[in-house]
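Read through the structure below, which is laid out as C-alpha cells, and then see the notes.
Just so you know, all these numbers are worked out from the coordinates, no wet-lab data involved. Model, not experiment: these values are computed from the prediction. Positions of Cβ are backbone-derived with ideal geometry, glycine not excepted, and every protein chain shown enters the neighbour counts.
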There are 4 protein chains.
Amino acid sequence: MSSPRKLRYAMVGGGHGAFIGAVHRKAMALDGQFELVAGALSSSPERARASGAELGLADDRNHGSWQDLLADELRRPAHERIDLVSIVTPNHVHHPVALAFVQAGFNVVCDKPLVHTSAQADELVAAVTKAGTVFGVTYNYTGYPMVREARYLVHSGALGTLRKITVEYNQGWLATAVEEGGANKQADWRLDPARSGAVGTMGDIGSHAENLAATVTGQHPAWVCADLTTFGAGRQLDDDAQLLLRYDSGARGFIVASQVAAGLENDLRLQVSGTLGTITWRQEEPNQLIHSPVDGPRRILTRGSPWLSPAALQAGRIPAGHPEAFIEAFANVYLGVAADIRARQAGTAPDPLHADYPRVEDGARGVRFIERVLASAASEQKWTAVG
Amino acid sequence: MSSPRKLRYAMVGGGHGAFIGAVHRKAMALDGQFELVAGALSSSPERARASGAELGLADDRNHGSWQDLLADELRRPAHERIDLVSIVTPNHVHHPVALAFVQAGFNVVCDKPLVHTSAQADELVAAVTKAGTVFGVTYNYTGYPMVREARYLVHSGALGTLRKITVEYNQGWLATAVEEGGANKQADWRLDPARSGAVGTMGDIGSHAENLAATVTGQHPAWVCADLTTFGAGRQLDDDAQLLLRYDSGARGFIVASQVAAGLENDLRLQVSGTLGTITWRQEEPNQLIHSPVDGPRRILTRGSPWLSPAALQAGRIPAGHPEAFIEAFANVYLGVAADIRARQAGTAPDPLHADYPRVEDGARGVRFIERVLASAASEQKWTAVG
Amino acid sequence: MSSPRKLRYAMVGGGHGAFIGAVHRKAMALDGQFELVAGALSSSPERARASGAELGLADDRNHGSWQDLLADELRRPAHERIDLVSIVTPNHVHHPVALAFVQAGFNVVCDKPLVHTSAQADELVAAVTKAGTVFGVTYNYTGYPMVREARYLVHSGALGTLRKITVEYNQGWLATAVEEGGANKQADWRLDPARSGAVGTMGDIGSHAENLAATVTGQHPAWVCADLTTFGAGRQLDDDAQLLLRYDSGARGFIVASQVAAGLENDLRLQVSGTLGTITWRQEEPNQLIHSPVDGPRRILTRGSPWLSPAALQAGRIPAGHPEAFIEAFANVYLGVAADIRARQAGTAPDPLHADYPRVEDGARGVRFIERVLASAASEQKWTAVG
Amino acid sequence: MSSPRKLRYAMVGGGHGAFIGAVHRKAMALDGQFELVAGALSSSPERARASGAELGLADDRNHGSWQDLLADELRRPAHERIDLVSIVTPNHVHHPVALAFVQAGFNVVCDKPLVHTSAQADELVAAVTKAGTVFGVTYNYTGYPMVREARYLVHSGALGTLRKITVEYNQGWLATAVEEGGANKQADWRLDPARSGAVGTMGDIGSHAENLAATVTGQHPAWVCADLTTFGAGRQLDDDAQLLLRYDSGARGFIVASQVAAGLENDLRLQVSGTLGTITWRQEEPNQLIHSPVDGPRRILTRGSPWLSPAALQAGRIPAGHPEAFIEAFANVYLGVAADIRARQAGTAPDPLHADYPRVEDGARGVRFIERVLASAASEQKWTAVG
C-alpha cells in the first residue's frame, strides 16, 4: 500500500501572536495528513507575510489578504491547489471568507462560533449544500475520544431515557481587566462586539457547551431561559451566562458558562442523566469518563481500553494510561474532515466512523441558539422558544 | 475542673425504621454532651413505646404522643426536665410540636425544612423571640469544618467581591419508582404533599442548598427564576429543581437539585467565585476545600490544618488526614446548640465561636424561599422577587 | 424487644492531653453501646483523678492507678462491674495492665503495638486463652467498611491468585523537630524507646500497615528485608521504614512507612494485585475502594452501596454518599468487641459477621513481625525469615 | 524573521505494527521542526520498504537495512543529508546502529534502555565524546512540563534537604499470557532476552523510573537492594521489580516497577520528600504537580500557570486547563535535541533552557544501574553498591 498524499491546506488568520492558529497547525501536523502550502495569516498584509515566511510558506503562496489567496488558488492547476482552507480569524471574518471559498468550491474548516447571525449561517449552509463541499467547524471538544464514548453510551441506551443534560464551562481568564492596555490580543477582540459578535462568553465558550450537549445527546433544547451578565467594568459583552433549558423529550438541563470564575482554568464539565444512569466528563481530565449506573458500581472508562466503542477507540492513538489531550482531540476533528475529503476525492461514500466531525449545520444551529439566548436574556418572559 | 453535666434531651419522631432519627442520636452521643431521657418516637403510640424501650428510655418517660411528652415534662421538677427536644418527624409535624414546646419554654432542635408555610414560620419565629429559647435547625451540612472555612474565606475578603454563588445537589435515590409498594418509608412520606409539604426535592435537598449558599456567603437571593419538574410517573411533587438566582449585590448564581440523577449518591457541591478567587467544596469529600486564587496556585485546604480559621478548627476533633464526616458535621450543629443552652443556663453571653448553628430565622428564610420558588415555577414571568 | 443494656467500661490512660483516648471514648459513645463508668486515666494520680472528674466519673470509680482500678473492680458485685477495660496508655504500659486484667478475667481492648516483645506477646496470648476472655486490639483501619470490602474481594477470588501486596503509610508530623521542648506529648513518648519500644515509626504506623495487609489478604510475609532510618537529629528510634516482603504463596510486596514525609497527613494506601485485578484503597478517602479488573472498566465501590458484601454493609451506618470516617471505623472495632462480649455473656456463639475485630493473636503477630524487621535491619543478609 | 528549515531525519525501526515508532513520528511532527526523509523501518527488508512507502519516503531513501541507509546518507551532499537518525528498534539493535551512526558523525536519538551492557554503554559514550555529536535518549517522561517543574522545585531548595525519593511504576499489560501465540509484537520481543536484554520489566519501565528520579533530584543511588520476580509462567525475564535504595546524601528511596499489576494502565508516580515538603506527580494526570509544604496548604501546580519556572513554561504549548499529554512530552525531548542540533549547526552554544533532553550519559548510567540491580538480585548480601 502506498502512502496517501498529504492534503494541502491554506490558513486564513493565525499569524503572530494568535493562540488558536498555532493549535490548528499542530493538530494538523500531528498525524501527518496535512501540509500547509499557502496562507493569508493576518488582516494586516505585512504581518500576514511575515507570519507566512516564519512558517516556511513559499513567497508566491504567502498572501497579504484572503482575497489574494483565493484568487491565486483559483489560478492554480488542480494538482497544486489546496484541498482545504482553515479559517482561524476573529469571528467577524468567518462569514465572508467561508462563503467565498465555499462558493469557489473549496473545502473549509472554520472556527466557532460560525458566523454572527442566523441569516449568515443560513446563507452559508445553502452555499455548502449547493457546492457540495466539505465544511467542518472546530467544536474541538467533541474530538475527545471519551466524549465520543459518552455519545455512544447515550445512543446505545445505556442511560435509558434522558432526563438531565447539563454543561458547565468555567474559565477565569477574564476575572481581571486583562483587556486594558490592549496587550492581550485574545481579550481585545473577544470583548469587541464588532469582531466577536453580539455575545462574549456565550459565543466563545457557551457555543462549545451547546455543541457538546447536542453532540453527546443528539437532542436540542426547545426552550431557553437565559441570564447574561457583564461583570467586568466597561465591557460591552457578557462575560457570564446562565441558561435553563427544556427539551421536547421532556428532559431538562442547563448551561452555565463564565469567564470570570477567578482562578479556574478551562473547567468544562458535561453531565447527562437518564433513567438508567449518569455520565460525567471533565475536560481537564479528558482521558476518563465516569459512568454511574443505577444498579451497580460506578465505572471509570478510560481512553484506549479495549471495551470502548469503535468510535472512541478509533479516536485514540496510544494505549490506555498514556494520556492524550487537547491537541489530539483537535486533531481528531481534522482527521474526520480529512476522511471526508479523501472519500469525496476518491468518489466513495465516506465511512461515518472516520468522517466524524462537526458540520456547517452544527455551526448554524449554534448561531441560531445564541440568537435565542439573546432574545431570552432581553425578555421578561421566562421561556423563549429555540429553533 | 469538674465535668459539666450532660444535657438531657427528648426526641419526637425517630422510631423504628426512621433514618434521620438515628443519625441525630449518634451525633448527640458522639461528644458526650447529651443524654436521651425521654421521647415520643412515633406517631403510632405502640411503635413509639416499642422504639423508646429499645433505646432504653424509662417507662415513665417513654410516651405514645408528643402531647403526653410535653405534659409530662411540664410536670417534672427542673432538675429532671429536659434541656431540649429534638424534632425529627416528617415535615408536617414540625410546626405543631415545635410551637408547643417553644411556647412552653423549651429549647428545640428541629429538622428542615422547618415548616410548610411562611405564616407558620413567622409564627414560630415570633414564639421563639417571645420565649427567649434556643432554637436550632439541622442544616447539618453547615456543620462541616471546611464549610466553616469557606464561610471564613468569604467573610475575610479572600475572594474579593462575590460574583457567582452556585450549589448543585444531585442524588439518584428517586431515579426509580422506589415509592411503589410503600416499603421505602423515606420515599413514602417525602413524596406525599400532606406530609412533605408543597415541594419535594426542593424541600428535601433544595433547602440545604439554599442554606449552604446563604451560610457561606451571607447573601440571600433577591430574585429567582425556577423550573420544577416531576420525572417519576405518578408523583405529586417535584423530583428535580433548577433555579437561576440574582442577588442585590450584583452577584449571580444558581441552585440545581435533583433526586433523579440516577447512580449519584449525595453529590452536594458548592462553588463561590469572587474577583480574587474561587472556592469549591464537595460534600462527598468533605475534609478538603479547594481555593483557586486568581494570582497563584490552587490550594487544597484540609480539615485540621493549623492554618485554618478558628471557626473551622474548633469544629474538628482529630488531626488532619484522619477524616471526619457526616455524623461529625451533624454533631457540630448540636454542639453549637449545646454551647448556647449552657451559656443561657449559666446566664452568660454565648461565645459565638462555639454557639455556631443555624437558627429559627434561617429555617424561616428557607421556608419563604421555597414559597417564592413555587411562585416562580408557576409564573410565566422570568424573575420572581424573593423576601 | 427491650434494649440491651450498655456495656460498662473502664479506661486506663487517655487523660488530659492524650489524643487517642478521646478518640476511643467518642468511638465507644457513637452507637450507644458503651458507657464509661470507671477509670485510671493517667500514670499521675492527680492528673488521673482530674481527668476522670472532667469525664463525669463517680469519685469512687475514679482511680489514681490502674492497680487501684483493678482492685476496686474485683471488689464490686457483677452487676456493677465493668464489662471491659480499654487500655490507651503509652506502649510500655500495655503489657502489665493487659496481663493483669486478663488474668483477673476481664475483657480487654488494647491499643497497638500490643506489647514490646514477642515473649510478652506470647505470655498475653496464653493468658487470654486460659482466661477465655475477649481481647481486641485497635488496629482501627481494619474497621473501615471498604477495607472489609477489600478483604471480601480477595477472599471471594475476585482478584485471582495474589501477586503483589503493598502498603504505604506516609505522615509528615515528625518532619520537623516537634519533640523539642516536650510540648508535643505524642512526639515525646513515641520517640522514647523506654515508652515506645524498640521501634518508632515501624511500631506506630508500620504496625498498622502490617495488620492491614494481613487482614485484607489473609497472608503473612515469610521473609522480610528491612531498612530502618532515623532522619531526625538526635532521635533514638527510626522515623522511616522500608521493607521488601516475600510470601510463601509466591506473592511479593512491600511496606513503606514514614513520619518524615513533610506536608503529608495520614496517607495510608493499600494496593493488592492478583491475576484477575487490583484493588486500591486510601485512608484519606475511605468511603471508596477502587477495583481494576483485568478485563473491564475500573469500578469505584462506595460505602453503603447495596451491592457490597454483608461484612462491608454491616459496618456502615448511613447511606452511600453520606461519608463515614475515622471515628466510625474506630467504633466498628468496638462494635465487634461488643458483639463478642454480648454473645459470651448470653452463652451463645458469636456471629462472625458482627464479632469482626482484631484479636490478641493479631497483635502478637504484629509484635513478632516488628522483631523480625529489627533483625533484618541489623543484618547484612538480604532476607530474614518471619514467623 | 525567516523560518528555520525543518530538520531532516531518518528512522531505524518503527515499521508496521510497531507502537513506539509511530509515537516518535507524531512527536516529531507536532511542532513542525522535523521532516522524515529516509528510513530503514524494519529488520525485514520487505517490511521496511513497505512501511517506508506508506510513510511517503522517496524510493531512493527507503532502505531495506540500516547499513544501506547509513551508506546512502554518507554518499549524499550535506544539504540533503539527514540531521539526525531516530532509532526505535528492539533493544538489541540499539548498540550497533547507534555506534555506527555516531562514528559516522550523525546526531542520534535512541530509545531506552540504551544498550544491553555497560561495556556497550561506555563504548557509545566514548564514541559520542569523540564525534562531538548530539545524542538524545527518549526517557520521554522527563519531557512532561510538570516533571520539569518538579526538578525546579528540588533544585530551588523548595523541598529542603531530600530524604525520600520514590518511584512506582505499575502496568498490567503482562498480567495475562499475552505473549502466547506471538500476536502481541510488543510482548514477543520484550520478553525475549536476546532482543530485550538481561531484564524485562526492570529494563522496559524500571529504566524510566531510575531516570525520572535522577532527573528530578539530581541524585543517583549509591546502594541498591533488589528483588526481581517472574510471575508469568514460562517467562525468561522478570515482570516485577522491587528495589530499596540508599543515597550518599543520606536519602532513602525505592523503585517498584511491575507489569503484572492487573487492571492498571501506566501508573507511574513520583514522590520526593525533603525537610521542607513533598512533591507528588502522576503520569496519568500529568498536567498537575502536587506540592505539600511542611508549613502551609497543599498546592496544585498546573501546567501553563504563569508562576511556574521557565523550564516548565517553555515545555508547554497551550494555556493552563487545556491539557497536554504523552505525545507532547515526547515531543519535548525532540525539541530539546533540535535546539542542540541547531545551535551546533549555527556554531553557537546551546541554550540550556531549550536544549533540555536526556543524553547518552543518562542512558549509560541507566544501563549500569540495571547491571547493579541484577547483581543485587542474584546476591545474598543485602546491599550492592551502584556506580
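Mind listing the long-range amide H neighbours of D:Gly197? Cut-off is under 5 Å, sequence gap 5 or more, other chains count too, H placed in the peptide plane at 1.01 Å from N.
So D:Gly197 has HN proximity to no qualifying residue.
Please compute the contact order of region D:1-91 in relative form: average sequence separation of alpha-carbon pairs under 8 Å and at least six residues apart, divided by the residue count, as a percent.
36 percent
Can you give me the C-alpha center-to-center distance between region A:342-387 and region B:347-368, rounded to a whole angstrom?
Cα centroid of region A:342-387 versus Cα centroid of region B:347-368: 51 Å apart.
For the pair B:Phe19/D:Ala233, report the inter-label distance in nm, with labels modelled 7 Å from Cα in the Cβ direction.
4.9 nm
Could you list D:Trp189, D:Trp223 in order of exposure, starting from the residue whose Cβ has the fewest other Cβ atoms within 10 Å?
So the ranking, lowest neighbour count to highest, is D:Trp189, D:Trp223.
Considering lysine pairs in chain B that are 8 or more places apart or on different chains, how many have Cα atoms under 21 Å apart?
5
For the rotation taking C to B, I'd like to know which residue in chain C has the C-beta closest to the axis, plus that distance in Å.
So the closest residue, with its distance, comes out as C:Ala325, 2.
Return the equivalent ellipsoid semi-axes of the protein assembly as shown as a descending list in whole Å, where each equals the square root of 5 times an eigenvalue of the C-alpha gyration tensor.
Here the semi-axes work out to 58, 44, 25 Å.
Using R₀ = 41 Å, calculate the FRET efficiency as 1/(1 + (r/R₀)^6) where r is the Cβ-Cβ separation of A:Trp307 and C:Ala222; round to 0.05.
So the FRET efficiency works out to roughly 0.65.
If one computes P(r) from the Cα atoms of region B:165-292, what percent of pairs lie at distances over 18 Å? Provide the component values of the computation, followed by the final result.
Details: 4424 of 8128 pairs.
That fraction is 54 percent.
Any chance you could get the radius of gyration and Dmax over the Cα atoms of region A:51-102, in Å?
11.5, 32
Can you bin region D:228-323 into rounded, prolate or oblate? Criterion: square roots of the alpha carbon gyration tensor eigenvalues sorted a ≥ b ≥ c, rounded for a/c under 1.5, prolate for a/b above b/c, oblate for the rest.
Because a/c hits 1.5 or more and a/b fails to exceed b/c, region D:228-323 counts as oblate.
So for region D:212-318, averaging the separation of alpha carbon pairs under 8 Å that are six or more residues apart and normalising by length, what relative contact order in percent results? Provide the component values of the computation, followed by the final result.
Values: 155 pairs, mean separation 14.0, N = 107.
That works out to 13 percent.
Average the reciprocal distances over every distinct pair of alpha-carbons in region A:299-356, invert the result, and give the Kirkwood radius in Å.
One decimal place: 12.4 Å for the Kirkwood radius.
How long are the semi-axes of the equivalent ellipsoid of region A:182-250, defined as square roots of 5 times the Cα gyration tensor eigenvalues? Whole Å, largest first. Please list the in-between numbers first.
Details: eigenvalues 150, 35, 13 Å².
Here the semi-axes work out to 27, 13, 8 Å.
Suppose you put the label 7 Å out from Cα in the Cβ direction; list, shortest first and in nm with one decimal, how far D:Gly56 is from each other copy's label.
Output for D:Gly56: 1.1, 8.1, 8.1 nm, nearest copy listed first.
Considering every Cα-Cα pair within region B:242-387, what fraction, in whole percent, is farther apart than 18 Å?
Percent of Cα pairs beyond 18 Å in region B:242-387: 72.
For region C:5-92, report the % of Cα-Cα distances exceeding 17 Å. Each step should come with its number before you reach the end.
On the way: 1548 of 3828 pairs.
Of the Cα pairs, 40 percent sit more than 17 Å apart.
Mind checking which of A:Gly274, A:Gly347, A:Gly132 has the largest fluctuation in a GNM of chain A, springs on alpha carbons under 10 Å?
A:Gly347
Determine the sum of side-chain charges near D:Gly17: Lys and Arg each +1, Asp and Glu each -1, restricted to other residues whose C-beta is under 11 angstrom from that of D:Gly17.
+1
Taking the square root of 5 times each eigenvalue of the Cα gyration tensor, what semi-axes in Å does the equivalent ellipsoid of region C:158-216 have, largest first?
So the three semi-axes of region C:158-216 are 31, 12, 7 Å.
Could you work out the helix-only [θ] at 222 nm for chain C, with each DSSP H run of four or more residues adding -39,500 (n - 2.57) and the total divided by the number of residues, to the nearest 500 deg cm²/dmol?
-10500 deg cm²/dmol
A:Gln381 versus A:Asp122, label points 7 Å from Cα toward the beta carbon: distance in nm?
If labels sit at A:Gln381 and A:Asp122, their model points lie 1.9 nm apart.
So if I place +1 on the C-beta of Lys and Arg and -1 on the C-beta of Asp and Glu, and nothing else carries charge, what would the dipole magnitude of region C:66-126 be about its Cα centre? I want it in debye, nearest 20.
40 debye
Can you tell me which of A:Pro358, A:Pro310, A:Pro221 moves the most in a GNM of chain A? Springs connect C-alpha atoms under 10 Å apart.
A:Pro310
With each pseudo-label sitting 7 Å past Cα toward Cβ, what's the A:Gln67-B:Ser43 distance in nm, one decimal?
Each label point lies 7 Å from its Cα, and together they span 8.0 nm.
Tell me, what HN-Hα J-couplings in whole Hz come from the Karplus equation 6.51 cos²θ - 1.76 cosθ + 1.60 at θ = phi - 60° for each residue of region C:262-269, using x for Gly and Pro?
3, x, 8, 9, 9, 8, 9, 10
If N is the number of residues in region A:96-242, what value comes out of its Cα radius of gyration divided by 2.2 N^0.38 Å? Please list the in-between numbers first.
Working: Rg = 17.5 Å, N = 147, 2.2 N^0.38 = 14.7 Å.
Expressed relative to 2.2 N^0.38 Å, the Cα Rg reads 1.19.
List every residue whose amide H lies under 5 Å from the amide H of B:Asn287, counting only residues 5 or more places away in sequence or on a different chain, with H placed 1.01 Å from N in the peptide plane.
Placed amide hydrogens put nothing under 5 Å from B:Asn287.
Find the relative contact order for chain D and round it to a whole percent, using C-alpha pairs within less than 8 Å whose residues are 6+ positions apart.
Working: 864 pairs, mean separation 71.3, N = 387.
Relative contact order for chain D comes out at 18 percent.
For a label point 7 Å from the Cα of A:Asp295 along Cα→C-beta, name the residues of region A:151-167 whose backbone N is under 13 Å from it.
Under 13 Å, as judged by backbone N against the label point of A:Asp295, lie A:158-160 of region A:151-167.
Apply the Karplus parameterisation 6.51 cos²θ - 1.76 cosθ + 1.60, with θ equal to phi minus 60°, to every residue of region B:310-322 and state each ³J(HN,Hα) to the nearest whole Hz, in sequence, with x for glycine and proline.
3J(HN,Hα) across region B:310-322, in whole Hz: x, 4, 6, 5, 5, 8, x, 10, 10, x, 3, x, 9.
What is the Å³ per residue value for the convex hull set by the Cα atoms of region A:74-169?
Per-residue hull volume (Cα only) is 162 Å³.
Whole-Hz Karplus ³J(HN,Hα) for region D:197-206, in order, using 6.51 cos²θ - 1.76 cosθ + 1.60 and θ = phi - 60°, x for Gly and Pro?
Coupling constants for region D:197-206: x, 6, 10, x, 4, 4, x, 5, 10, x Hz.
Count the net charge of all other residues whose Cβ sits under 10 Å from the Cβ of A:Pro221, scoring Lys and Arg as +1 and Asp and Glu as -1. Before the final figure, lay out the partial values.
On the way: positive: A:Arg246, A:Arg252, A:Arg372; negative: A:Glu210, A:Asp248.
Surrounding charge for A:Pro221 is +1.
With just the Cα atoms defining each centre, how far is region D:212-273 from region B:182-217? Give it in Å.
After rounding, the separation between the Cα centres reads 53 Å.
Taking amide H atoms as placed 1.01 Å from N in the peptide plane, list the residues 5 or more away in sequence, or in a different chain, whose amide H sits under 5 Å from that of A:Arg359.
HN-HN under 5 Å from A:Arg359: A:Val137.
For region A:1-154, place one equal point scatterer on every Cα, skip the solvent, and apply the Debye formula. What is log10 of I(q)/I(0) at q = 0.09, 0.13, 0.19 Å⁻¹?
-0.29, -0.60, -1.22
Among C:Ile290, C:Ile205, C:Ile370, which one shows the highest mean-square fluctuation when chain C is modelled as a Gaussian network with alpha-carbon springs under 10 Å?
Result for chain C, Cα springs under 10 Å: C:Ile290 fluctuates most.
Could you point to the residue in B:Leu159, B:Ala187, B:Trp173 farthest towards the positive end of region B:146-195's charge dipole, with +1 and -1 charges on the Cβ of Lys/Arg and Asp/Glu respectively?
Comparing the listed Cα positions along the dipole, B:Leu159 ranks first.
Can you divide the C-alpha Rg of chain C by 2.2 N^0.38 Å and report the result to two decimal places?
Here the Cα radius of gyration is 0.97 times the empirical estimate.
Only bridges whose two residues both fall in chain D count here: according to DSSP, what percent of them are antiparallel, nearest 5?
60 percent
Give the average, rounded to an integer, of partner chain Cβ atoms located within 10 angstrom of each Cβ in D:222-232.
Per-residue shielding by partner chains comes out at 3.
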